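The next block holds one structure in the form of structure tokens; read it before the comments.
The numbers here are math on the coordinates, done by the rules we state, and not lab data. No experiment lies behind these values; they were computed from the predicted model shown. As a convention, Cβ positions derive from the backbone with ideal geometry for all residues, glycine included, and neighbour counts pool all protein chains shown.
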Amino acid sequence: MKIQLVLSHIKTKSLPFFIGALAGYAVFHPYTMLVYSLTGFAHSGMHLKDVFFSFEREMLPMGVAFAVLGGLIGILIAVVIEKQRQLYTVTFENEKKKIALETLQQLMITLSHYLLNANMVIGGMVRRCQRIQTNEDAQHSLEAIAEQAKKIDAVISALKRLTEIKTAKYTAEGHALMIDISKEIEELLAGDSAKKE
């Protein structure tokens, strides 16, 4: 695993190194010779044509030094660009999550208003029917309705407390995703059961 990571790192950095090395040898080195020729013209009698001397065999060690320097500069530039790209990606993802969370919170205010009000009426009616109904089948149905109403309350409460959006597969194929709050719902229902006992 580490070897693959190192090879991948070398692979991504080799192109910037070679481009930088080529620029170092073919541009920086002759440019330095040009500057030296122009500034040293009055003192040493060098001529502009001596710039092409930078590609001669005698100048190969100096050319290699410039190539290595250019390669290192190329890697440095590539690293800076990569870090900037990663920073932009993280910032963009965080912004997307923030917008999604704000949208969810606005949705929860709306759902809370309508669903919890409706759930309160359902719960009140269930309790009233349980007091006046003696039929065992009806009592069982009313308990099931009350249990589902509690689950609706738990879903709304869990969504209201959400600070991070995690998703889970809605279908076995995994094409559709839903917000994963099953653990929070179970905790709220367990807490509600513990209060009653």
So, counting K/R as plus one and D/E as minus one, what does the shell of residues with Cβ under 15 Å around residue 20 add up to? 0
Tell me, what is the FRET efficiency for residue 105 and residue 76 to the nearest 0.05, using R0 = 41 angstrom and their Cβ-Cβ distance as r? 0.40
Looking at this model, which pairs from 96/151; 160/183; 13/97; 13/98 are more than 26 angstrom apart at the alpha-carbon? 96/151; 13/97; 13/98
Suppose R0 equals 45 Å. What FRET efficiency, 1/(1 + (r/R0)^6) with r the Cβ-Cβ distance, do residue 143 and residue 89 give to the nearest 0.05? 0.30
